[in-house]
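All remarks here apply to the structure that follows.
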Amino acid sequence: MGRKPAALSNSGVYHIVFKGANAQDIFYGDDDRLEFLSRLQWVLGKYNASALAWALMDNHVHLVLDCGTTDPALLQHDLAGPYARSFNLRYGRVDPLFAERPFREGVEDQSYLYAVVRYVHWNRAVAGLAAGLEDRWTSYREVLAGEGIVDVARLLDVFGCVEEFVRFHESGLGGHDAPLARSDQGLLTDEQLIRYHERRWGGGELRDGGPVDESRAGRTHSRAEEDRRAQQAAAAGHGVERVQGEVGAPIRHATS
């Protein structure tokens, strides 16, 4: 039986992880990373999408993308396929470069958007690939510089200003129930993050905080769901309510 199609997010925002097949490296050098970013920028323009965060690891990539009403599978296909073919041609490979299907989850509210953006920006440092946040291969420096692949204006609208963006990223990583943090060891690793969601939601793609259930579409969140989201927001960082306003609020989209 084939795998069910991944769920679409109500917000249009997704956390996507491209992983190397069999955990193999997908970048052999900086030229590969630069090519991937160039292709990412082209795909974003093609589909009128925007990047809210990105991080290039050795054997995987984290992206937080606002795809609007576009199916993110189209962006995934047009990004991963051409890059893999180019990579294989350059290095004389014939085997698949990426795992069969990327990890993808919907980002449905402001509190989770704050947490996942910070998670992505910390990922290289937590993995020991960078000394801190200001690393060449994440979008964190783009926000500080005011330009880049990431949609800086959108992020500053979300966080309020550069100072709040920096403060939130540096404000602590602990939490007892946040899917992106642990009180004892800081941020979850990628595998721990995926296992967390598999345990909590049965492996489904996230929408409204859990696997998609079309019978629930359009319903308001239950009290238990609201409490869970409030706990996650509090755990994701000190003072998050001051940045985001209402816990569990829908993601704000830029107005023209």
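The values are calculated or read from the model by the stated rules, or taken from the named source; none is laboratory data. It should be emphasised that the depicted structure is a prediction, and the values quoted were computed from it without experimental measurement. Every residue, glycine among them, receives a Cβ derived from its backbone with ideal geometry; neighbour counts consider all protein chains shown.
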State which residue is farthest from LEU155 (Cα to Cα) when the search covers only region 127-141 and only residues that are of a type in the set (A, V, I, L, M) and buried (at least 17 other Cβ atoms within 10 Å of the Cβ). ALA130
Output for region 145-159, where each listed residue is surrounded by fewer than 14 Cβ atoms within 10 Å (Cβ to Cβ) and part of a helix (DSSP H, G or I): ALA145, ALA153
Test: ASP135 is under 18 Å from the mean Cα position of the chain (by Cα), more than 17 Å from ILE16 (Cβ to Cβ) and among the acidic types (Asp, Glu): yes
Any hit, region 118-136, residues being β-branched (Val, Ile, Thr) and within 16 Å of ALA53 (Cβ to Cβ): yes
Output yes when any residue across region 90-106 is in a helix (DSSP H, G or I) and modelled with pLDDT of 95 or more, and no when none is. yes
Cβ-Cβ under 6 Å, sequence separation 6+ or interchain: first residue in region 77-88 and closer than 12 Å to ARG39 by Cα, partner β-branched (Val, Ile, Thr). Which pairs? ASP78/VAL43; LEU79/VAL43
